[in-house]
Amino acid sequence: MIPAELYRDPVYDGATDPLVVVADDGWWMYYTQRRATHPDPGPGVSWVHGSRIGVARSSDGVAWTYAGTLEPDAVGLALRDGPPPAEVDVTHWAPEVVYDGDGWRMYLTEIDGVPDRWPGHARRIVEYRSPDLRSWTRRGAVPLSSDRVIDAAVARAPDGRWRLWCKDEAAESVTTVAVSDDLEHWRLEGTAVGGRPHEGPCVFELAGTWWMIVDEWRGMAVHQSTDAVSWTRQGDADAVILGAGEVAGPGFGHHGAAVRDGDDVWFYYFGHPSRAYVPDVDTETVDDRRCAVYRARLVVVDGILHAVH
């Protein structure tokens, strides 16, 4: 069954990299607010940069309402009503939000300026903290494997240690990992998942197994583990979930994150419902750039992870 759209960003119609949190006061969605329909975003891939983090709210995880953007202030970031500013001096991507037992932590990809091309621009993952999911205090960049890291995923592994997985573009765009006992001091552990280039790791436990879902730009590859340290790919080298024919439009599911609600684990991801082909910078249209957020329920059957709409 082809999924229905759950959410479209009302400002630039470019909601990507959704991260959903279920809190005491309802459901929160944080997402990269790509400037898909901006009338003059700049040359090349400028429209993918210059983004803020959009925020949406829901009472059930299905019907979502735009709540504003996270804007820089004197201490970090704060939720502001309305659209983002027309001009920005830093790009924000792919938030990860976790509860540490006392409060919320966000791990956000930050890029200086608004690059108009992919390679050559430093990227870093920066930690913020919040008591209420609205106001965030900046703590600083996490020391990771290079200055080309994006797309953080954070979880506490079975050994009691916290791990941060991310895409390292300086390591041929595979997933590297750092470990911490206290979320204050980090030690590099090297490559967690290698092989085909990918991005957007998401790590979670379901049915007694740890899973990592990554975006291979042709669907989502699945890796599994008993300890969240050593990973084995599900299926062969070409096996994916949310691939062609399983999602809206002619493309694939892209960069998402899992969230638990009772006994259910939902995977929120994005797609390009209007894209007619795989575009390049010179020929893509505004419609090709538009994005929508979807979700699938994750289930394990006979040891295999499936995404069910």
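The values are calculated or read from the model by the stated rules, or taken from the named source; none is laboratory data. Quick caveat: nothing in here was measured; it's all calculated off a predicted structure. FYI the Cβ positions are ideal-geometry reconstructions off the backbone, even for glycines, and counts take in every protein chain you see. With ligands, DNA and RNA removed, areas are computed over all heavy atoms of the protein, side chains included. Shrake-Rupley method; radii C 1.70, N 1.55, O 1.52, S 1.80 Å.
Scanning segment 239-261 for any residue that is open to solvent by 50 Å² or more (accessible area, probe 1.4 Å), in contact (Cβ under 8 Å) with a residue 60 or more places away in the chain and in a strand (DSSP E or B) turns up at least one such residue. The residues of segment 214-238 that are without any contact (Cβ under 8 Å) to a residue 60 or more places away in the chain and among the aliphatic types (A, V, I, L, M), listed by number, are Val214, Ala221, Ala237.
Considering segment 1-55 alone, what residues qualify as being touching a strand residue (DSSP E or B) at 6+ places or on another chain (Cβ under 8 Å), among the small types (Gly, Ala, Ser) and at pLDDT below 95? If the condition is that a residue be touching a strand residue (DSSP E or B) at 6+ places or on another chain (Cβ under 8 Å), among the small types (Gly, Ala, Ser) and at pLDDT below 95, then Ala4 is the only one that fits. For segment 151-182, the tally of residues that are crowded, with 19+ Cβ neighbours inside 10 Å and at positive phi stands at 1.
One residue stands out in segment 286-309 among those that are open to solvent by 60 Å² or more (accessible area, probe 1.4 Å) and acidic (Asp, Glu): the one that is nearest to Thr209 (Cα to Cα), namely Asp302.
Quick one: which of Val114, Val126, Val97 is within 16 Å of Arg156 (Cα to Cα) and either open to solvent by less than 20 Å² (accessible area, probe 1.4 Å) or modelled with pLDDT of 95 or more (or both)? Please lay out each step first, then the result.
Values: Val114 fails: within 16 Å of Arg156 (Cα to Cα); Val126 fails: within 16 Å of Arg156 (Cα to Cα).
The match here is Val97.
Do you know which residues across segment 12-44 are in a loop (DSSP other than H, G, I, E, B), closer than 29 Å to Gly120 by Cα and open to solvent by 10 Å² or more (accessible area, probe 1.4 Å)?
Tyr12, Asp13, Arg34, Arg35, Thr37, His38, Pro39, Asp40, Pro41, Gly42, Pro43, Gly44
Open to solvent by 20 Å² or more (accessible area, probe 1.4 Å), under 28 Å from Ala67 (Cα atoms), at pLDDT 95 or above and not acidic (Asp, Glu), is that true of Arg148? Against the criterion (open to solvent by 20 Å² or more (accessible area, probe 1.4 Å), under 28 Å from Ala67 (Cα atoms), at pLDDT 95 or above and not acidic (Asp, Glu)), Arg148 does not qualify.
In summary, strands (runs of 3 or more DSSP E) completely within segment 134-224 and bearing 3 or more residues that are under 24 Å from His254 (Cβ atoms) occur at 149-156, 162-168, 174-180, 187-193, 199-206, 209-215. Taken as a whole, segment 268-285 holds no residue that is modelled with pLDDT of 95 or more, exposed (fewer than 15 other Cβ atoms within 10 Å of the Cβ) and among the hydrophobic types (A, V, I, L, M, F, W, C).
Being buried (at least 21 other Cβ atoms within 10 Å of the Cβ), touching a residue at least 60 places away in the same chain (Cβ under 8 Å) and closer than 23 Å to Ala23 by Cα is the filter here, so list the residues in segment 65-91 that pass it. Spell out the reasoning first.
Here is the first cut: in segment 65-91, the residues buried (at least 21 other Cβ atoms within 10 Å of the Cβ) are 69-70, 77, 84, 91.
Now restrict to residues that are touching a residue at least 60 places away in the same chain (Cβ under 8 Å): 70, 77, 84.
Leu70, Leu77, listed by residue number.
When residues in segment 190-238 are screened for being open to solvent by 10 Å² or more (accessible area, probe 1.4 Å), more than 16 Å from Val154 (Cβ to Cβ) and among the small types (Gly, Ala, Ser), 8 of them pass.
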